[in-house]
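I have placed the structure first, in the form of structure tokens, so that the comments after it can refer back to it.
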Amino acid sequence: MIGIVVVSHSHALATAAVALATEMLHNQPIRIEVAAGLDEHTLGTDAVAVADAIANADSGDGALVLMDLGSAVLSAELALELLDSPHRVRLCSAPFVEGLIAASVAAAGGADLDEAADEAENALAGKQTHLHGPATTPSDPAGARIDTYQSEKAATGVFVIMNHHGLHARPAARLVAEVRALPATVRLRNLTTGAGPASGTSLSRIAALGGLPGHEIEVVATGSDADAAVGRVLALAARRFDETPSTSAAIQDSSDRCASTGRESNAGHTPADQAANAGCTPTGLGGGPFPASAGIGIGPIWRIEHSELVVPEHPSGPPEVERELLDTAIAAVRADIERTRAHAGAEAEIFEAHLLLLEDDELIGAVQQGIDTAGSAPAVWARVLESAAAELDRLTDDYQRARAADLRAIRDQVLAAMLGHSTEMISRAGILVAADLTPAQVAGLDRDLVTGIVLAQGSPTSHSTILARSRGIPALVGAGPQVLTVPEGTVVALDGGTGRLALDPGAATLAEFTGLANWHREQRRAAEAEADKPAITRDGTTIHIAANIGGDLDALEAVGNGADLAGLVRTEFLFLGRDDAPSTDEQEQVYRAIAEAFGGRRVVLRTLDVGGDKPLPYIEQPIEANPFLGVRGIRLALARPELLRDQLTAICRVAADHPVSVMFPMVTQLEELLQARRILDEVAPAGVTPEVGIMVEVPAAAAKTASFADHVDFFSIGTNDLTQYALAAERGNEALSTLADPLDPGVLRLIAMVCEAAGSARVAVCGEAAADPVAAALLLGLGVHELSVAPPAIPLIKAAVRNLDLTECRSAAARAMQCASATEVRAIST
Ligand code: PEP
Ligand code: MG
């Protein structure tokens with residue numbers, strides 16, 4: 001693979017451009033080297049550094065050099081004279097940013113030097129089309145031959161662009177990666193505008209198609225497997241080019257979580273619940289509000305009183321005095337954040353990020369430089385942090401964009417400290433309405449006074465929102481600026497689970513909300529008080545309520561919420577978001593911490609469940625048209641046995657001292673289990689025999705339970721995947737959320753099969769269904785022994801189980817299996 005070298009006068013400019021290009025690569029590794037600035041802060045270029053960067057980037061296939069201007073070009077030319085193999089280096093006259101992105105995507109797709117250079121040189125095409133229309137679309141020799149190819153037995157198809165921002169850089173880059181991996185030639189034409197044809201391997205030419213949401217794009221493929229190629233492209237388009245969920249999708253996520261709450265609430269208090277949901281009307285304020293933190297909030301609006309921060313432009317003294325002012329303020333804010341972090345529980349990481357920002361050498365260095373050129377510390381600080389935040393605002397990824405809020409939070413905290421204002425949050429009773437809040441402000445809210453939050457801005461993925469959720473404060477975000485004009489004291493009622501907001505509600509609506517809120521509060525309070533006690537049904541059967549966790553912090557939360565055991569540790573959290581697999585020692589340390597947190601209670605460690613829709617950058621895998629039906633779970637583990645061996649070694653080391661079990665995911669065939677067990681036997685030291693179980697997620701495995709039963713100690717039914725595979729309804733597809741109901745009688749029958757054929761092996765359920773009280777009753781009726789749920793759901797599920805009688809559950813389960821649909825099951829089960 002070719003390497004890329006970025007030569008610029010400015011280190012900051014080069015690294016920002018590389019960050020932007022990397023964003024387009026969807027975790028495909030390529031080598032990009034930077035030779036920029038004389039050092040991190042001084043502008044300039046250095047031929048020797050450029051030569052070194054080229055030598056590092058070139059692994060034998062050559063290096064493409066992108067330069068900004070002037071002496072960057074001269075230094076790059078000089079660098080060629082310093083190199084042993086200058087013939088493998090191409091200096092490229094492409095526009096710096098666009099060229100870098102186009103070349104990176106091409107390189108990631110396996111382009112050679114000429115192709116990548118060509119891509120980069122054409123990289124302005126997308127912008128030109130956008131600004132001047134399709135007439136400037138560059139000629140595309142491959143595309144221009146479209147008719148010829150059609151006569152050579154081409155396959156064609158059409159997709160409609162469903163991505164929120166159209167076929168912009170990230171989805172286009174994903175498309176190029178897909179097409180480059182195909183054995184066919186693929187070209188595209190925008191049928192809506194007439195733009196194209198464009199080669200499917202050219203990011204610049206795809207950009208020039210100007211594809212907007214709703215546009216129809218024709219795909220024409222020729223070559224050995226043209227039909228399959230068109231199918232792959234259409235499948236990718238249907239998956240919205242694997243884009244990170246947009247804001248609206250993220251909001252949907254949050255309401256999804258609430259949807260299961262809705263199902264739960266139907267179980268216990270149907271009339272009030274449904275009346276409240278039906279009785280509220282959206283306010284229609286600016287497209288929102290959007291649900292952000294589930295729960296009912298009622299109360300008068302109050303706002304944070306801001307004493308206006310007047311930022312002095314001129315320094316109050318020499319640079320040393322201004323630097324001192326900055327240092328003291330940063331130290332004070334750091335101390336504040338450390339205090340808040342100590343009480344933040346599982347969300348402490350949010351504040352880690354803030355502390356890191358306060359130690360960010362680049363930011364602080366830029367402020368110090370500004371101070372040295374006679375700026376006032378507060379003014380320079382505000383400017384530097386705002387410009388860094390504005391950069392994040394421009395990113396396309398919602399999660400990354402939401403990090404701008406972190407920067408602004410820190411900006412304001414330090415600014416307030418420099419100007420002598422208090423940053424302490426004084427809570428008042430009622431619903432806090434604000435443009436946005438910092439995580440520290442949310443952490444500082446008094447839960448007993450603040451009954452809800454409505455933000456004019458904000459996003460469901462912001463740290464403030466995450467904190468509101470984990471603190472149990474109902475919240476809505478994105479309500480629009482109009483909400484800030486509603487007078488203080490106006491009573492509002494909100495449902496953070498549905499996004500409904502009633503301003504100044506009438507007596508009937510208020511009564512509905514109040515009834516619902518009281519019910520929620522009472523249930524939660526009573527359940528929490530009993531959380532540490534076992535969940536024993538009315539007829540005296542103890543049901544173990546376990547926790548599904550994804551890390552050591554979750555373990556503490558789970559134990560605090562009364563978990564009887566860890567029923568599912570999703571170990572992928574250790575493997576994702578890094579460049580190489582964690583070592584055996586690293587894994588042992590984390591598994592041990594979890595086992596210690598559970599203090600002698602059983603911990604079920606599921607082996608790595610990645611692949612398919614959760615790729616790992618350090619595992620090479622072919623791109624799959626249907627990743628959910630692909631090489632995932634145990635299939636991937638057996639294809640890469642060294643990963644499994646390391647993981648089982650780490651688990652066995654912990655199993656020598658703690659009751660930990662091993663669970664294999666996505667098992668379909670007995671032979672898969674036997675192979676995995678053989679590896680376990682090989683690595684387990686003498687005398688260490690952890691319990692072994694499998695996830696039942698594939699319908700065929702459910703039907704073959706009897707053949708697994710002699711080889712396992714337990715089964716754990718993953719209803720999330722079992723439902724998607726049984727009903728052919730992808731679990732993340734919003735359009736199918738009603739269909740993908742685990743209470744479908746077809747799914748219930750599969751669960752019954754597992755329970756009936758499990759013999760002496762225990763049967764647990766660890767999918768989301770276990771946290772739905774209606775489903776939980778039926779699952780126990782079908783013969784399930786253990787329910788494993790997210791930590792916050794433990795107290796409520798324990799409370800629900802204590803109200804059940806297993807004989808009644810069995811009759812209810814038998815009736816449910818005779819129903820025709822999940823709707824019918826729910827209707828007879830509430
Ligand atoms: C499941 O499929 O139900 C399950 C618990 O596994 P995951 O959600 O991690 O795929
Ligand atoms: Mg699963």
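The values are calculated or read from the model by the stated rules, or taken from the named source; none is laboratory data. Owing to the predicted nature of the structure, the values given are computational and were not obtained by experimental measurement. Every residue, glycine as well, gets a Cβ built from its backbone with ideal geometry; the counts of neighbours run over all protein chains shown. With ligands, DNA and RNA removed, areas are computed over all heavy atoms of the protein, side chains included. Shrake-Rupley method; radii C 1.70, N 1.55, O 1.52, S 1.80 Å.
Selection within segment 568-590: residues that are within 16 Å of ligand 1 (Cβ to nearest atom) and among the β-branched types (Val, Ile, Thr). The member of this set that is surrounded by the fewest Cβ atoms within 10 Å (Cβ to Cβ) is THR571. Does ALA508 meet the test of being open to solvent by 30 Å² or more (accessible area, probe 1.4 Å), more than 30 Å from MET666 (Cα to Cα) and either in the same structural domain as ARG802 (by TED's automatic domain parsing) or without any contact (Cβ under 8 Å) to a residue 24 or more places away in the chain (or both)? It is false that ALA508 is open to solvent by 30 Å² or more (accessible area, probe 1.4 Å), more than 30 Å from MET666 (Cα to Cα) and either in the same structural domain as ARG802 (by TED's automatic domain parsing) or without any contact (Cβ under 8 Å) to a residue 24 or more places away in the chain (or both). Between GLU642, GLU624, the distinction of being more than 16 Å from ligand 1 (Cβ to nearest atom), free of Cβ contacts under 8 Å to residues at least 24 places away in the same chain and open to solvent by 50 Å² or more (accessible area, probe 1.4 Å) belongs to GLU642 only.
Given (1) within 18 Å of HIS87 (Cβ to Cβ); (2) not in a loop (DSSP other than H, G, I, E, B), where does SER59 come up short, assuming only one miss? Unmet for SER59, out of (1) within 18 Å of HIS87 (Cβ to Cβ); (2) not in a loop (DSSP other than H, G, I, E, B): (2).
Answer yes if at least one residue in segment 711-728 is within 16 Å of ligand 2 (Cβ to nearest atom), of a type in the set (D, E, K, R) and under 30 Å from the mean Cα position of the chain (by Cα), and no otherwise. Within segment 711-728, one or more residues are within 16 Å of ligand 2 (Cβ to nearest atom), of a type in the set (D, E, K, R) and under 30 Å from the mean Cα position of the chain (by Cα). Here GLY499 passes the criteria (1) at pLDDT 90 or above; (2) away from ligand 1 (no atom under 16 Å from the Cβ) except the one numbered (1). Residue count for segment 660-675 satisfying the condition of being under 10 Å from VAL604 (Cα atoms) and away from ligand 2 (no atom under 15 Å from the Cβ): 3. Residue-level check: of (1) open to solvent by less than 50 Å² (accessible area, probe 1.4 Å); (2) modelled with pLDDT under 85; (3) under 30 Å from ILE364 (Cα atoms), GLU313 misses just (1). If you filter segment 522-545 down to residues that are of a type in the set (Asp, Glu) and in a helix (DSSP H, G or I), you find that the one that is modelled with the lowest pLDDT is GLU522. The residues of segment 1-31 that are of a type in the set (A, V, I, L, M, F, W, C), buried (at least 23 other Cβ atoms within 10 Å of the Cβ) and out of contact with any Lys or Arg (no Cβ under 8 Å at 6 or more places or on another chain), listed by number, are ILE2, VAL5, VAL6, VAL7, ALA14, ALA17, ALA21. Only one of the listed residues (ALA379, ALA366) is part of a helix (DSSP H, G or I), open to solvent by 30 Å² or more (accessible area, probe 1.4 Å) and modelled with pLDDT of 85 or more. That residue is ALA366. Scanning segment 780-812 for residues that are away from ligand 1 (no atom under 16 Å from the Cβ) and among the hydroxyl-bearing types (Ser, Thr, Tyr) gives THR807, SER811. Please determine whether any residue of segment 785-792 is under 33 Å from the mean Cα position of the chain (by Cα), surrounded by fewer than 22 Cβ atoms within 10 Å (Cβ to Cβ) and either over 23 Å from PHE664 (Cα atoms) or at pLDDT 95 or above (or both). Within segment 785-792 (the criterion being under 33 Å from the mean Cα position of the chain (by Cα), surrounded by fewer than 22 Cβ atoms within 10 Å (Cβ to Cβ) and either over 23 Å from PHE664 (Cα atoms) or at pLDDT 95 or above (or both)), the answer is yes, since at least one residue qualifies. Condition check for PHE708 on (1) open to solvent by less than 10 Å² (accessible area, probe 1.4 Å); (2) within 16 Å of ligand 1 (Cβ to nearest atom): one failure, at (2). Taking the numbered list (1) at pLDDT 85 or above; (2) β-branched (Val, Ile, Thr); (3) closer than 30 Å to LEU501 by Cα; (4) part of a helix (DSSP H, G or I) in turn, ILE350 passes all entries but (1). For beta carbons closer than 9 Å, sequence separation of 6+ or different chains, a first residue in segment 118-136 that is farther than 18 Å from ALA94 by Cα and a second that is outside any loop (DSSP other than H, G, I, E, B) and at pLDDT 80 or above, the qualifying pairs are PRO134/ASN190. Are there any pairs with C-beta distances below 6 angstrom linking a residue in segment 547-565 that is over 15 Å from ARG592 (Cα atoms) and assigned by TED's automatic domain parsing to the domain that holds PRO792 to a residue that is modelled with pLDDT under 90 and more than 16 Å from ligand 1 (Cβ to nearest atom), with the two at least 6 apart or on different chains, and if so which? Taking only residues 6 or more apart or on different chains, the pairs are GLU557/ALA346. So for segment 50-62 (the condition being of a type in the set (Val, Ile, Thr) and open to solvent by 30 Å² or more (accessible area, probe 1.4 Å)), does at least one residue qualify? No: segment 50-62 contains no residue that is of a type in the set (Val, Ile, Thr) and open to solvent by 30 Å² or more (accessible area, probe 1.4 Å). Being surrounded by fewer than 24 Cβ atoms within 10 Å (Cβ to Cβ), over 11 Å from LEU167 (Cα atoms) and touching a helix residue (DSSP H, G or I) at 6+ places or on another chain (Cβ under 8 Å): is that true of ALA195 here? Spelling it out, ALA195 is indeed surrounded by fewer than 24 Cβ atoms within 10 Å (Cβ to Cβ), over 11 Å from LEU167 (Cα atoms) and touching a helix residue (DSSP H, G or I) at 6+ places or on another chain (Cβ under 8 Å). Within segment 750-771, the set of residues being in contact with a strand residue (DSSP E or B) (Cβ under 9 Å, 6 or more places away or on another chain) and more than 12 Å from ligand 1 (Cβ to nearest atom) comprises LEU750, VAL754, CYS755, ALA758, ALA761, ARG762, VAL763. Here segment 451-460 is the region considered, the condition is being surrounded by fewer than 24 Cβ atoms within 10 Å (Cβ to Cβ) and of a type outside the set (Gly, Ala, Ser), and the residue that is modelled with the highest pLDDT is THR451. For segment 201-243, how many residues are closer than 19 Å to GLY110 by Cα and in contact with a Lys or Arg (Cβ under 6 Å, 6 or more places away or on another chain)? Within segment 201-243, residues that are closer than 19 Å to GLY110 by Cα and in contact with a Lys or Arg (Cβ under 6 Å, 6 or more places away or on another chain) number 1. Candidates in segment 686-700 are the residues that are within 16 Å of ligand 1 (Cβ to nearest atom) and under 15 Å from GLY759 (Cβ atoms); of these, the one that is surrounded by the fewest Cβ atoms within 10 Å (Cβ to Cβ) is GLY693. Looking at the structure I just gave you, is ALA703 away from ligand 1 (no atom under 16 Å from the Cβ), open to solvent by 40 Å² or more (accessible area, probe 1.4 Å) and more than 28 Å from ALA656 (Cβ to Cβ)? Against the criterion (away from ligand 1 (no atom under 16 Å from the Cβ), open to solvent by 40 Å² or more (accessible area, probe 1.4 Å) and more than 28 Å from ALA656 (Cβ to Cβ)), ALA703 qualifies. If only residues of segment 591-607 that are open to solvent by 10 Å² or more (accessible area, probe 1.4 Å) and out of contact with any Pro (no Cβ under 8 Å at 6 or more places or on another chain) are counted, the one that is farthest from LEU644 (Cα to Cα) is GLY599. Scanning for something more than 13 Å from CYS755 (Cα to Cα), within 10 Å of ligand 1 (Cβ to nearest atom) and modelled with pLDDT of 95 or more, does segment 725-742 turn up at least one residue? Checked against the condition, which is being more than 13 Å from CYS755 (Cα to Cα), within 10 Å of ligand 1 (Cβ to nearest atom) and modelled with pLDDT of 95 or more, segment 725-742 yields at least one hit. For segment 754-784, the set of residues classified as open to solvent by 20 Å² or more (accessible area, probe 1.4 Å) and within 16 Å of ligand 2 (Cβ to nearest atom) consists of GLU768 only. ALA117 meets all of the listed conditions (1) surrounded by fewer than 23 Cβ atoms within 10 Å (Cβ to Cβ); (2) touching a Lys or Arg at 6+ places or on another chain (Cβ under 7 Å) but one, namely (1).
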